[in-house]
Structure formats: C-alpha cells, structure tokens
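The values are calculated or read from the model by the stated rules, or taken from the named source; none is laboratory data. Nothing here was measured: the structure is a model prediction, and the numbers come from that model. Here the Cβ is made from the backbone with ideal geometry for all residues, glycine too, and neighbour counts use every protein chain on show.
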Amino acid sequence: MIDIEEFSECFSKWVADLATLTEGEVIAIDGKCLRRSIDKASSKAVIYMGSAWVQQNSLVLGQVKVDEKSNEITAIPTLLSRLDIAGAVITIDGMGCQIKIAQLIIEKKAGYVLSLKGNQGNLHDDVRTYFDRLYRLKQQRLLLTVIMGE
C-alpha cells in the first residue's frame, strides 16, 4: 500500500538525522546479496542491496535494492543522492570505481577512496605507473640524502 521508494528515501533521511557525521567520517558503500532471498517456487532471483555503512555510528544510513537485471553501479548513485555526505570520505569497492560515481561524490562535497582492480585497464596501469615513479623518486632522494650526509 505504500510507495517503497518514497518510504526508503524518508527512512534514509530520518536515519541521517540520527547520525552525527563529523568531517572526514568514513561511509562504506557496498553491495550484498541478501541471504536466503531466493524464491525458487516463483523463480524469483536473489535480492541484492546497496548500502551505506557509517562505522563510527555503527549505523546503516541507507539502502537501495539493486534492479534484477542490473548491478551495484546503477544503485550506488541512487543511494548517494539520498544521503548528505558533505565532508565525509566515501569508500567503494572495485565495482564502484566509475567516473560518474566519483563526480557525484565530488558534487556532494565529499571525498572518496575507490578500489581499483586490474580489469580497469588503462586506469589501473596509469595509477600503478604513478606510484612506481613516486616510489623511485623517494628512493633517489633517500640515496642523495645518504650520499650528501644531510
């Protein structure tokens, strides 16, 4: 009888009012399959949910059901758009390492840590190259410091 989307949005806002987010608070975004949610009798697939967890408050700020023919990538922006994440740091696994998701987080004035996997092709290679160069520069500076006695 009630609109599930409307209820979910209202519930997320209510829970957000309960939580006191501080600058730099970590909000972990993750998708999970709900245990025992498969309905074999009616051939319904398992239910996947995307949720935002605030460890400091031990609280789920919000959840979004992932569409049956989709994945977390489509649910994460919906979840983020419902939350006041300004000043927080959002963490997301490799599935959420998407330009549009990062842009949304920035627009909402939050920071992010996105997991990067090898299947991200050029991006993965670029990041690895950057950190390899940074490491080599640090080693060169350390060697020069030892040689020059500073």
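For Ser51, the requirement of being within 24 Å of Ile85 (Cα to Cα), more than 13 Å from the chain's Cα centre (by Cα) and at pLDDT 70 or above is not met. Scanning region 104-130 for residues that are over 12 Å from the mean Cα position of the chain (by Cα), under 22 Å from Val26 (Cβ atoms) and at pLDDT 85 or above yields a total of 5. Residues of region 84-101 that are under 10 Å from Glu25 (Cα atoms) and either assigned to a strand (DSSP E or B) or over 12 Å from the mean Cα position of the chain (by Cα) (or both): Ala86, Gly87, Val89, Ile90.
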